[in-house]
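Following: one structure in structure tokens, then a few remarks.
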Amino acid sequence: MLDTIRKFMRSLTIILMTMCVAPGASAQVVLTDADIANAYRTTTYRSRLSCHDPSVVLDDVTYPNSPRFYVFGSHLGRGYTFVSSNYRNWSSFKAGEESSSKTNSLFGDVYGNLVNYADAYGHHAVRTVLNYEGIEETFGDYVDGSDFDAHGWQYRGFSVRGNQWAPDVIYNRSMKKWCMYMSLNGDRWCSSIVCLTSSSPQGPWVYQGPVVFSGFQGLSAHNAYAASNDWKYTDLHIATGVTSLPARYNRGGSWGSYWPNCIDPCVFYDEDGVLWMTYGSWSGGIWMLKLNEENGLRDYTYTYRATGANENTTSDPYFGKKIAGGWYVSGEGSYVKKIGSYYFLFMSYGGLGSADGYQMRVFRSQYPGGPYVDPYGTSAIYNSYQMNYGPSAKTNRGMLLMGGYKWDLMPSAEISQGHNSAFTDLAGRDFVAYHTRFSDAGEWPEWHEVRIHQLFLNEDGWVMAAPFEFSGQTVTNDDIASVESIAESEVAGDYQFIRHQYNQNYAVKAYKTPDNVRLTSDYRIMNASGQDIGTWQKGVASDFVTLVISGVTYKGVLVRQVMDYSNINSLCICAVSSSSGSLNIGQNNFTYQQQIWLSKADYKAAIKYTKDNLNMPAANGATVKSNLTLPTKGYLGTDVAWSSSDESVMTSNGVVRGSGSVTLTCSIRKDGYEYNRSISLNVAGATGIRNVTGDAAIESQHTSKGAGGRWNGKTYDLRGREVGENYRGIVIKNGRKVKSEK
């Protein structure tokens with residue numbers, strides 16, 4: 001009933017306002033310098049933690065009274081922070097990977113001694129497991145009882161340094177220990193994922209045993225094993241019972257079209273308390289295995305049937321269940337997190353370099369093992385090769401979480417965002433953590449940084465990233481759905497609008513900049529030219545919002561944030577077109593499952609920032625002799641307009657029309673407020689001639705008289721005043737400067 005009444009009142013309001021007010025008309029409240037003094041300050045961001053492929057984990061076990069948040073990344077990037085810092089300022093601990101010392105090492109051996117990282121993967125602590133039949137078996141017995149040497153498994157010549165990729169850390173409830181799952185990468189798919197445990201996230205971490213291997217097909221030599229029969233030095237026999245290498249794994253150079261590269265683990269508990277791991281990369285896709293909570297390793301008693309054929313295999317006795325990718329399409333860094341009613345699968349498409357197109361894509365499922373689909377209902381699993389990112393993409397599968405973008409306050413664009421994790425803090429807020437690169441910088445190691453944005457759910461249950469970094473807001477998804485913390489009357493105003501784009505030209509580091517839009521009090525959306533482009537509607541007893549823009553419906557939320565690189569407060573909207581839009585591939589064309597951001601900055605701060613950053617054409621009191629270029633670009637959603645005190649001297653567009661004194665006034669407007677800044681100028685050197693035309697054209701329009709055929713048109717002095725024929729000096733006649741001697 002309340003919703004019906006509210007809709008009626010909205011309709012009545014629209015009718016009345018349409019009758020009484022001209023579109024776009026509004027009275028402006030004039031602000032003074034005192035009104036906008038100290039309206040904002042800017043901050044520096046390019047000092048965040050550099051941690052590639054960041055995975056964030058909460059430690060409220062070791063520090064129950066002051067929980068820490070740890071981040072771990074490739075190449076042993078790491079740090080910790082507290083909620084009080086808004087997950088921004090990270091402190092480091094222990095030496096970096098580059099250190100040859102073991103006195104401050106992250107790693108220990110099975111005997112409790114600290115060891116250098118390079119020596120951490122040779123001997124493991126777990127010796128016996130239950131095999132695929134549930135029978136106890138000793139690791140390594142099938143060959144010679146030796147350890148599974150993860151460094152030894154790397155492709156020959158590969159070192160540990162630089163190849164410890166994308167660790168994921170979780171607290172194992174059964175073991176009451178922290179478990180780190182780390183991939184040790186090698187060329188030709190000679191990679192493995194291992195489990196290490198510790199009593200503290202700060203280590204020392206002890207190698208427990210392998211979880212999964214790739215690249216075993218008898219063709220590639222390893223650091224410690226010959227190519228022939230290399231499968232025997234994996235756990236293939238324990239998982240499946242085979243006594244010889246099945247032909248299905250002998251794929252030569254096409255291994256990656258069929259099977260995964262065992263990198264990028266993500267470990268999570270489902271709602272039933274079952275421990276799972278997703279892993280994989282471009283290659284044969286993203287796969288999933290059930291883990292044994294008792295020892296942190298693979299649960300070999302949980303078996304998988306071989307289903308599908310060739311590249312379309314969706315289940316395998318050794319690699320487990322395929323949940324995404326395949327056919328060598330791009331897609332890596334999988335991360336599964338339950339938010340609301342769904343398990344969300346995050347992946348990164350494209351390459352990780354600043355000019356390689358990294359983009360976070362999202363799928364969801366009601367179940368941890370899938371099927372995972374995007375808003376259009378397309379499966380995360382491919383059944384043929386398709387280019388799936390960049391301007392040459394043939395498919396835009398997966399909801400785009402964000403693309404390259406640059407708000408006005410940012411010194412450069414943030415691009416190539418990816419390899420994310422997701423976490424929930426003790427207050428029930430959900431977040432995405434990822435690394436970003438920058439449009440004005442290179443690659444390693446300093447030019448990528450951790451960013452953390454809050455995640456919100458819209459009415460359709462789809463996840464969205466907030467427009468700006470988290471800065472301490474307390475709102476949760478439950479609050480959004482059940483509490484109206486933002487009044488409808490606050491929504492109208494001038495916003496900046498970013499629509500994240502599929503098919504960006506990553507090779508030139510493309511990014512989106514904001515456009516200005518206005519949300520009116522009669523529920524219209526207007527572009528910067530004042531054209532109606534849609535409508536908006538706020539939810540009842542909630543902070544949900546629905547926008548229809550150019551025929552596409554976006555459902556999202558209203559949230560308050562602080563704008564990046566400043567202390568400026570902003571009312572923000574993040575929304576996604578999860579049930580409508582265009583499916584046509586191409587830049588600006590694909591709008592079906594697209595995220596948008598809107599930001600309404602505090603009007604005083606926006607006006608002051610624009611005032612401070614306008615490049616004024618001349619100093620007050622200056623003398624000018626030619627046309628001026630007047631700046632008309634506003635910032636943070638402001639509109640800039642100019643007026644002239646005397647259009648006959650200089651127009652409001654800066655065009656010289658005559659000589660004399662003139663005052664130009666710049667008006668900066670936002671949300672019904674206006675600040676005026678004037679400059680007084682002396683315009684000199686102008687002429688009364690409007691158009692200089694060639695002799696032939698002029699002669700064809702006028703007649704000559706007298707024996708000398710003298711020109712009978714007007715003559716001007718250099719100040720533009722008309723003079724007679726007896727005037728002596730330099731004059732302008734027939735569009736030219738000449739010397740008159742008569």
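The values are calculated or read from the model by the stated rules, or taken from the named source; none is laboratory data. None of the values given here were measured: they were computed from a predicted structure. Please note: Cβ atoms are built from the backbone with ideal geometry, for glycine as well, and neighbour counts cover all protein chains shown. Remember, those area values only see protein heavy atoms, side chains included, never the ligands or the DNA or RNA. Shrake-Rupley method; radii C 1.70, N 1.55, O 1.52, S 1.80 Å.
Here are the numbers for this structure:
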quantity: Packing rank of 256-262, 171-177, 678-684, where each peptide gets the mean count of other beta carbons within 10 Å, highest leading; calculated: 256-262, 678-684, 171-177
quantity: Counting all C-alpha pairs of the range 59-173, share separated by more than 21 Å (%); calculated: 54 percent
quantity: Accessible carbon and sulfur surface of the range 568-630 relative to its total accessible area, %, 1.4 Å; calculated: 39 percent
quantity: J(HN,Hα) series, the range 269-281, from Karplus relation 6.51 cos²θ - 1.76 cosθ + 1.60, nearest Hz, glycine and proline x; calculated: 8, 7, 5, 9, x, 8, 9, 10, 9, 9, 6, x, 7
quantity: Residue-normalised accessible area of the chain, given per residue in Å² at a 1.4 Å probe; calculated: 41 Å²
quantity: Rounded to 10°, Cα long-axis angle of helix 603-613 versus longest principal axis of the chain; calculated: 70 degrees
quantity: Positive-end residue, the chain charge dipole about Cα centroid, Cβ charges, pick of Ala618, Tyr45, Val29; calculated: Ala618
quantity: Cβ charges +1 (Lys, Arg) and -1 (Asp, Glu), total dipole of the range 386-470, debye; calculated: 340 debye
quantity: Extension reserve of the Glu294-Ser84 stretch, reckoned as 0.36 nm per residue once the Cα distance is removed; calculated: 72.1 nm
quantity: Whole-number percent relative contact order across the range 504-563, with pairs defined as alpha carbons under 8 Å at least 6 apart; calculated: 17 percent
quantity: Residues with amide H under 5 Å from that of Tyr592, placed H, sequence gap 5 or more; calculated: Ser582
quantity: Charge-dipole axis of the chain as Lys and Arg at +1 and Asp and Glu at -1 on Cβ define it, positive-most pick from Leu130, Val491, Val212; calculated: Val491
quantity: Overall form of the range 355-447 per C-alpha gyration tensor (a/c, 1.5; a/b vs b/c); calculated: oblate
quantity: For the range 305-464: Kirkwood Rh in Å [reciprocal of mean 1/r, alpha carbons]; calculated: 16.7 Å
quantity: Beta bridge orientation in the chain: antiparallel %, DSSP, nearest 5; calculated: 95 percent
quantity: The chain - charge dipole about Cα centre, Lys and Arg +1 at Cβ, Asp and Glu -1, debye rounded to 20; calculated: 3280 debye
quantity: Net lengthening on full extension, Val540/Ser645 (0.36 nm per residue, minus Cα-Cα); calculated: 32.9 nm
quantity: Relative contact order of the chain, defined on C-alpha pairs under 8 angstrom at six or more residues apart (%); calculated: 9 percent
quantity: Debye, to nearest 20: dipole size of the range 46-148, +1 on Lys, Arg Cβ, -1 on Asp, Glu Cβ; calculated: 1000 debye
quantity: Amide proton proximity set for Phe438, modelled H, under 5 Å, gap of 5+; calculated: Ile415
quantity: Principal-axis tilt of helix 2-20 within the chain, Cα atoms, nearest 10 degrees; calculated: 20 degrees
quantity: Under the Karplus curve 6.51 cos²θ - 1.76 cosθ + 1.60, θ = phi - 60°, whole-Hz ³J(HN,Hα) for the range 242-257, x wherever Gly or Pro sits; calculated: 5, 10, 8, 6, x, 4, 4, 9, 9, 10, x, x, 9, 3, x, 7
quantity: Stokes-Einstein D (µm²/s) once Rh is taken as the Kirkwood radius of the range 495-567 over alpha-carbon pairs, at 20 °C in 1.002 mPa s; calculated: 151 µm²/s
quantity: FRET efficiency for Asn589 and Asn383, using Cβ-Cβ distance with R0 set to 25 Å, rounded to 0.05; calculated: 0.55
quantity: Sulfur and carbon atoms: percent of accessible area, the range 185-228 [1.4 Å]; calculated: 47 percent
quantity: Distant-in-sequence amide H partners of Val212 (H built 1.01 Å from N, under 5 Å); calculated: Ile193
quantity: Residue-by-residue Karplus 3J(HN,Hα) for the range 70-87, coefficients 6.51, -1.76, 1.60, Hz, glycine and proline x; calculated: 9, 10, 10, x, 4, 6, 6, x, 6, x, 9, 8, 10, 4, 5, 8, 6, 6
quantity: Potential extension, Asn38-Ala427 segment - 0.36 nm per residue separation minus Cα distance; calculated: 136.7 nm
quantity: Cβ-derived FRET efficiency at R0 56 Å, Ala224 paired with Met616, nearest 0.05; calculated: 0.20
quantity: Average Cα contact separation per residue, the range 71-150, under 8 Å, 6 or more apart, as relative contact order %; calculated: 15 percent
quantity: With every protein chain in place, the range 378-485: carbon and sulfur % of accessible area (1.4 Å); calculated: 50 percent
quantity: Global form of the range 231-376, assessed from the alpha-carbon gyration tensor, a/c cut-off 1.5; calculated: oblate
quantity: Estimated 222 nm signal from helices in the chain, with DSSP H stretches of n ≥ 4 weighted -39500 (n - 2.57), rounded to 500; calculated: -2000 deg cm²/dmol
quantity: The range 578-638: C-alpha gyration tensor shape, a/c 1.5 cut-off, then a/b vs b/c; calculated: oblate
quantity: Volume of the Cα convex hull of the range 396-511, divided per residue and given in Å³; calculated: 147 Å³
quantity: FRET efficiency, Ser482 to Asn676 (Cβ-Cβ, R0 45 Å, nearest 0.05); calculated: 0.55
quantity: Projected-area average for the range 190-280 over all orientations - Cα convex hull basis, square nanometres; calculated: 7.8 nm²
quantity: Distance between the range 169-230 and the range 334-380 - C-alpha centres, whole angstrom; calculated: 24 Å
quantity: For the range 501-625, Kirkwood radius (reciprocal of mean inverse C-alpha pair distance, Å); calculated: 17.1 Å
